[in-house]
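Enquirer: Please see the structure below; I have some questions.
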Amino acid sequence: MLKITEIISNQRFKVFRFFTKLDYLLQETLLGLRRGGWMNWAAISTVTVLLFLFGIGLQTSWQLEGLLNQFGSQLEVSVYLETGVGAETLKPVVEKMPEVARVQGITKEAAWARLIKELNLSDLKDVTRQLEGNPLVDELKVKAKSSDQVPVLAKKLKSLGGVEDVQYVDEAVQRIAQLNQGLTSVSMMITGLLTLTAIAVINTTIRLIVMARRREIEVMQLVGATSSWIYFPFLLQGVTFGGVGARSRGVRFRV
Amino acid sequence: MTQVLEDRSTRRAPQDAPQTIIQLQQVSKVYPNGSQALIDINLEVKRGDFLFITGPSGSGKSTLLKLLYGEERPSQGEIVVDRDAPDRLRGDRLSHLRRRIGIVFQDYKLLPRRTVTENISFVLWAQGYTRKEIARRLQPALKMVGLTHKSDCFPEELSGGEQQRVSIARAIVGTPPILLADEPTGNLDPDNSWQVIKILKKLNQIGITVIVTTHDESLIRLSNHPVVQIRDGRMSSVRY
């Protein structure tokens, strides 16, 4: 009986302690924001502008990426084999080439089945009989390690015995893709730089606020406040800056 | 206050608690710039003692107190404060030791834009006390230093003596077993100084161990507590 009461009171103590922490955190954070004055606005508007630039950077890189995707993968080479040559027989040879990252063999039966399905024909056997056999050939989907190796690889594949034809995304498209890739990496770099700047600015602002309240912090340290207890309100203040900055960026620029 | 303090002292100091609350053994302190602040200090303070540390300015009195609350670390020697070694504690454990030590400074260190009540309850907030507990402790602390009627004043509206009394209330509101006062009367006239000493004596009578540094000889002559002197970093006993 005694134990149960003990446990309950213990539990209540823990809940109580949690609310005390919450109470303290809210009060200190609000007090800090109220006292911060113009420094709050400096921080919030900086975050707003930085988020705006950040957003532009991100959007540009997304758009470029979308454009890139329209051209499909430039790394893939389709190898069509001569009639009667199985994909499995050529696959090990191709896999040994240094430029090759991955090889996927597609048997003519599988390709045929897919085609039939895509054409919405129900009876596979019936159609096959009508055409006097499967008209397709085996195919290898070869993935190159990098796009500039693709032409060389294609030439090499074509010279292999048993290969009927080789197809890959043509060079002009590839050049555009390369340009896009370059632009993407540039915009990624800008985005990264802006992120670093945003972090530095918020950090500096918080530091300023800490400096302005260093007497309080000194007293807190001397009376035995733990460092997390001291710095959590500042952290929350920073989160508030970020949040309000993000909201006002949305309001100002999303229109 | 007495009631609140007695709660704590029965909890903090059971029968088998060691009589010695502060002990320094062959403690030396050399600052990084090479100045020798303390040389081979040995000191033992018993629970419930009242000790004066005297000596000219710059003799190492403040350094000694800083070693006790872990602001500075000794270059050599052993320090024990309430069964802990402040020089070996870091982070939260040092914070928890500091909760058992009240500190009063010559320059009060009150927060200028907070009222007397806020300055005192701030300490309890910082230590994680609940609102209810803060309200319970505030009045006795204010009464102890005789400032109940000034509870809503800001520090600049108070005299130096009153400000120092606020800082004493702040130091004891968490009911620490040890109170360190670094030149508490340094900025005060004789009347106010004596009032501060009287409050410290009263706190000592309810069981708090008090250590006061001062260079004011007249204060020492007016009371009958033990006195040690620090001169050029060396300690000598003046009166037991």
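The values are calculated or read from the model by the stated rules, or taken from the named source; none is laboratory data. Not measured: the values here are computed from a predicted model. Cβ sites come from the backbone with ideal geometry, for glycine too, and all protein chains shown count toward neighbours. All accessible areas refer to the heavy atoms of the entire protein, side chains included, with ligands and DNA or RNA removed. Shrake-Rupley method; radii C 1.70, N 1.55, O 1.52, S 1.80 Å.
Enquirer: Exactly one condition in (1) away from chain A (no Cβ under 11 Å); (2) out of contact with any helix residue (DSSP H, G or I) (no Cβ under 7 Å at 6 or more places or on another chain); (3) crowded, with 22+ Cβ neighbours inside 10 Å is false for residue B:144; which is it?
Expert: Status for residue B:144: all satisfied but (2).
Enquirer: Go over the candidates B:164, B:195 one by one and state the one that is open to solvent by 30 Å² or more (accessible area, probe 1.4 Å) and more than 14 Å from chain A (Cβ to nearest Cβ).
Expert: Just a single option satisfies the conditions, and that option is B:195.
Enquirer: Check every one of the strands (runs of 3 or more DSSP E) wholly within the range B:16-121 and list those with 1 or more residues that are in contact with a Leu (Cβ under 8 Å, 6 or more places away or on another chain) and away from chain A (no Cβ under 14 Å).
Expert: Answer list for the range B:16-121: B:20-30, B:36-46, B:50-54, B:76-81.
Enquirer: Give me a count of the residues in the range A:103-146 that are outside any loop (DSSP other than H, G, I, E, B), charged (D, E, K, R) and more than 16 Å from residue A:77 (Cβ to Cβ).
Expert: Final tally of qualifying residues: 8.
Enquirer: Restricting to the range A:207-222, count the residues that are open to solvent by 20 Å² or more (accessible area, probe 1.4 Å), at the interface with chain B (Cβ under 10 Å from one of its Cβ atoms) and free of Cβ contacts under 8 Å to residues at least 24 places away in the same chain.
Expert: Going through the range A:207-222 one residue at a time, the tally reaches 4.
Enquirer: Next up: With the checklist (1) within 30 Å of residue B:31 (Cα to Cα); (2) outside any helix (DSSP H, G or I) in hand, flag the one item residue B:220 doesn't pass.
Expert: (2)
Enquirer: Can you tell me which of B:125, B:194 is within 27 Å of residue B:63 (Cα to Cα), of a type in the set (Phe, Trp, Tyr) and assigned to a helix (DSSP H, G or I)?
Expert: Step by step, each of B:125, B:194 is checked, and only B:194 is within 27 Å of residue B:63 (Cα to Cα), of a type in the set (Phe, Trp, Tyr) and assigned to a helix (DSSP H, G or I).
Enquirer: Further, regarding this structure: From the list A:118, A:82, which one is loosely packed, with under 12 Cβ neighbours inside 10 Å and not hydrophobic (A, V, I, L, M, F, W, C)?
Expert: Result: A:118 is the single residue among A:118, A:82 that is loosely packed, with under 12 Cβ neighbours inside 10 Å and not hydrophobic (A, V, I, L, M, F, W, C).
Enquirer: Kindly indicate whether residue A:151 is open to solvent by 50 Å² or more (accessible area, probe 1.4 Å) and modelled with pLDDT under 80.
Expert: no
Enquirer: How many of the residues making up the range A:1-55 are over 22 Å from residue A:206 (Cα atoms), away from chain B (no Cβ under 14 Å), assigned to a helix (DSSP H, G or I) and modelled with pLDDT under 75?
Expert: Number of matching residues: 10.
Enquirer: Quick one: in the range B:169-191, of everything that is in contact with a helix residue (DSSP H, G or I) (Cβ under 7 Å, 6 or more places away or on another chain) and in a loop (DSSP other than H, G, I, E, B), which residue is nearest to residue B:68 (Cα to Cα)?
Expert: Here the residue is B:177.
Enquirer: Can you find a residue in the range B:8-16 that is of a type in the set (A, V, I, L, M), buried (at least 17 other Cβ atoms within 10 Å of the Cβ) and modelled with pLDDT of 90 or more?
Expert: No; the residues of the range B:8-16 include none that is of a type in the set (A, V, I, L, M), buried (at least 17 other Cβ atoms within 10 Å of the Cβ) and modelled with pLDDT of 90 or more.
Enquirer: Related question: Any residue in the range B:125-140 that is within 13 Å of chain A (Cβ to nearest Cβ) sitting within a Cβ distance under 7 Å of a residue that is in a loop (DSSP other than H, G, I, E, B) and buried (at least 18 other Cβ atoms within 10 Å of the Cβ)? List the pairs, counting only those 6 or more apart or interchain.
Expert: The qualifying pairs are B:126/A:223; B:126/A:225; B:127/A:223; B:127/A:224; B:127/A:225; B:127/B:99; B:127/B:174.
Enquirer: Now for a separate question. Tell me which residues, restricted to the range B:156-208, are within 20 Å of residue B:111 (Cα to Cα) and acidic (Asp, Glu).
Expert: B:156, B:157, B:162, B:182, B:183
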